[in-house]
Each structure stands twice: as C-alpha cells, then as structure tokens.
1. Name every residue in the range 82-135 that is at pLDDT below 90, open to solvent by 30 Å² or more (accessible area, probe 1.4 Å) and β-branched (Val, Ile, Thr), in order of residue number.
2. Could you tell me which of the residues SER32, SER51 is open to solvent by 30 Å² or more (accessible area, probe 1.4 Å) and either more than 38 Å from the chain's Cα centre (by Cα) or under 20 Å from PHE135 (Cβ atoms) (or both)?
3. Among (1) in contact with a helix residue (DSSP H, G or I) (Cβ under 9 Å, 6 or more places away or on another chain); (2) assigned to a loop (DSSP other than H, G, I, E, B); (3) at pLDDT below 90, which single condition is LEU37 missing?
4. State whether the residues of the range 18-32 include one that is among the small types (Gly, Ala, Ser), closer than 23 Å to ARG126 by Cα and outside any strand (DSSP E or B).
5. Being part of a helix (DSSP H, G or I) and hydrophobic (A, V, I, L, M, F, W, C) is the filter; apply it to the range 292-303 and report the residue that is farthest from THR199 (Cα to Cα).
6. Only one of ALA289, ALA306, ALA282 is assigned to a helix (DSSP H, G or I) and not basic (Lys, Arg). Can you tell me which?
7. Show the residue pairs that are 6+ apart or on different chains and have beta-carbon atoms under 8 Å apart, the first residue being within the range 295-314 and touching a residue at least 12 places away in the same chain (Cβ under 8 Å), the second being open to solvent by less than 40 Å² (accessible area, probe 1.4 Å) and of a type in the set (Asp, Glu).
8. Looking at LEU92, LEU96 in this structure, which one is within 18 Å of ARG139 (Cα to Cα) and either within 38 Å of the chain's Cα centre (by Cα) or in a strand (DSSP E or B) (or both)?
Amino acid sequence: YESFRSIVPYDRIGLALLEDDGTVVRARWARSESGDLAIKKGYSAPLKGSSLEEILRTGKPRILNDLEAYLEAHPSSDSTRRIVKEGMKSSLTCPLLAMGRPIGFIFFSSKDVDTYKDQHHDLFLRIAGQLSVIFEKNRLYERVLQVNRGLLAVQNELVHQATHAALTSLWNRGAILEALDKEIARSRRETRPLSVIMTDIDRFKQLNDNHGHQAGDAVLSEIAGRLSASLRSTEWVGRYGGEEFLIVVYPCDEESVSSLMERLRSSVCSKAIRTNGTKIQATISLGAAVGYNTRRIDAETFVRVADEALSRLHRQAFAATSPNLQEEHWPNHVQGQPDLMPYY
C-alpha cells in the first residue's frame, strides 16, 4: 500500500482475483484511507456481463474520473456504489495478466475527481505486470501446498491401512508386534516391568454358527472398540488374528495387570451387543505374561507365554465341567525365565 505512493496517486487499493475457472471475481485484499471498507475480503461478483470483462478483453487499464457520474449512468453497479460510499471519486482498474492469462485486477481509487490520466497507462501496466508475476507465483505456491496436503493425507491413509486391521481399526498383527519390540526396548532401558495380554472371544465359532458371520464381525468390531476405550493412550491393543487380541502395557506389574484384565473383562461383558435386532452377550478370556527383567526376554517369548496362560485358563474352565480331567500344575514362572510370570 505504501510502496506505490511516490508514483501513483490513490487513497485506496484493492486486489481481486479470478476464481471458479475465471467466472467469479473475488476481493482478496483492500486498504483505504476512508476507514470502514464497503468492499472487503471475500466480496464477489460474476465476471460475465460486467465492465471488468471488457477490461480483460482489451488488456488495457480503465480510468473512471467521476465515479458518481458513472454510478448515475450505471445504477445497477453494486461495486461502484460501494466504492462511492467509501468516499472515492475516481478510479483506475488495471488487469493482472500472468503469461498472457488473466488472473485478476488491481484497483486504485482516489477521493478526488480527475486523478488519473491516459499518459499513466504504460506505468500502470508495468506495475500490474510485476504484480501479476508475484500473485501468480503465490497462487502456484498455494496450489503446491494444497497438493502436498492431499499427498500427505493419502500417505497417512496408506500408512493407516498398512498398520491397522480393516474391520476393527486396531493395530494389525505386524504393527502390534512392532509396538511390543519398542516397549521391550524401553523396559530394558528403564528396568521396569512390562506386561503382554492375550485375549480372545469366548465361543466365537459358536456365535458365528448361531448368528452368522455378519453378526460375528459386528461383535469383533464392538469388542475391539470396548477394549480400546478401556486402555490409556500409551497402551497398545491390536488384532492378533481371528478373534484374538494382543495388548501391550508398560509399565505394568502383576498387580496392575490383574486389575487391568478385570477392567477389560468387565467392559466387554457389561452390556449386550446389539446387531441385526439381536442382543448378543459376549465375554472374553485373558492370559498375560509379566516380565520383570526383560533383558533376556524377546517378543516371541512374551506372546508365547501370554498365549499359554490364555490356553491354561480355557483348560481350567473345561476341567471344571469335566470332573474326570485333572488340572495340570503350572509353576509361577516360565522354565528358564525366572523373571517372566504367567498370569490368568
């Protein structure tokens, strides 16, 4: 606004660019000595049928040295009415052309009549030409940013698809095992206990047989949501496979994992799952491995022990209904791994 003062007389400058494939002229910036702007950023008008269309056709500036007289002759011109309301008496409109293509207009306005002269045309066109290059570069930059944002969104979606199970939106098997490796490394650095929980849906095959696979999918999705909602943002849950989920919690000792497992169990069975007009009362079983010294414990061992604890829980439940079966004794630590505790 200040930089043209020494070469162009004006009390107001406005910038408008073509949008919507060149059919609309929209104000992008304005500054005036008159105070309140009657044409502000966002003001728009159709190009077709307007006097601006003729300016673009000729590529030459237009001088109106008596805006009040022009408004009297063109009473339907809303933009002229607004400029006159701001106290402007004359105006100069320069087309902005970038590489021969119209991109908009710059408007100079004055509070005095007869401010602009024909001999100023070449000067105004040179100014408009330089501004056009600046504006076009800026617009291209904005488009590049927009494309980059779109590419980033696509990239994030691809990463999400690659690391999450489609049905449940939980981490998939590869991603949850990668998370387990990271938490094992952290446990080793900080020498604090890490727990891994394996859980599955009780009698899931029977549920599918009785209600259909669509209902089974609905149950899987709902239980996944309930498990996720019961965990803190720093705790991990993923779909390990089929109806099995793997949960990684750090730091977490035997007492904490016991409390967490009960909370997870309650969150799943607290309310029946409604699907296709049917209420399904689903429950889960959980087994855990608690590592107190993880320097010699890898992810595979954690998962195996948690899975064995879950299997032992199922065998106990089966033995309770079959009096002829003897429950096997299981030591309170894993053979060769005194710092890895099974819990179920």
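1. VAL133, ILE134
2. Values: SER32 fails: open to solvent by 30 Å² or more (accessible area, probe 1.4 Å).
On inspection, the qualifying residue turns out to be SER51.
3. The one condition LEU37 does not meet is (3).
4. First pass over the range 18-32, keeping only residues among the small types (Gly, Ala, Ser): 22, 27, 30, 32.
Retained after the next criterion (residues that are closer than 23 Å to ARG126 by Cα): 22, 27, 30, 32.
From the residues that got through so far, the ones that are outside any strand (DSSP E or B) too are 22.
Yes, the conditions are met somewhere in the range 18-32.
5. Taking the range 292-303 first, the residues part of a helix (DSSP H, G or I) are 294-296, 299-303.
Cutting the leftovers down to hydrophobic (A, V, I, L, M, F, W, C) gives us 299, 302-303.
Details: ALA299: 16, PHE302: 14, VAL303: 11 Å.
Restricting to residues being part of a helix (DSSP H, G or I) and hydrophobic (A, V, I, L, M, F, W, C), the top hit is ALA299.
6. On the way: ALA289 fails: assigned to a helix (DSSP H, G or I); ALA282 fails: assigned to a helix (DSSP H, G or I).
From the options ALA289, ALA306, ALA282, the qualifying one is ALA306.
7. LEU310/ASP200
8. Details: LEU92 fails: within 18 Å of ARG139 (Cα to Cα).
Every option except LEU96 fails the conditions.
The values are calculated or read from the model by the stated rules, or taken from the named source; none is laboratory data. This structure is a prediction, so every number in the text was calculated from the model and none was measured. Heads up, the Cβs are rebuilt from the backbone with ideal geometry, glycines too, and the neighbour counts pull from every protein chain shown. Side chains are part of the model used for accessible areas, which takes the heavy atoms of the whole protein and leaves out ligands, DNA and RNA. Shrake-Rupley method; radii C 1.70, N 1.55, O 1.52, S 1.80 Å.
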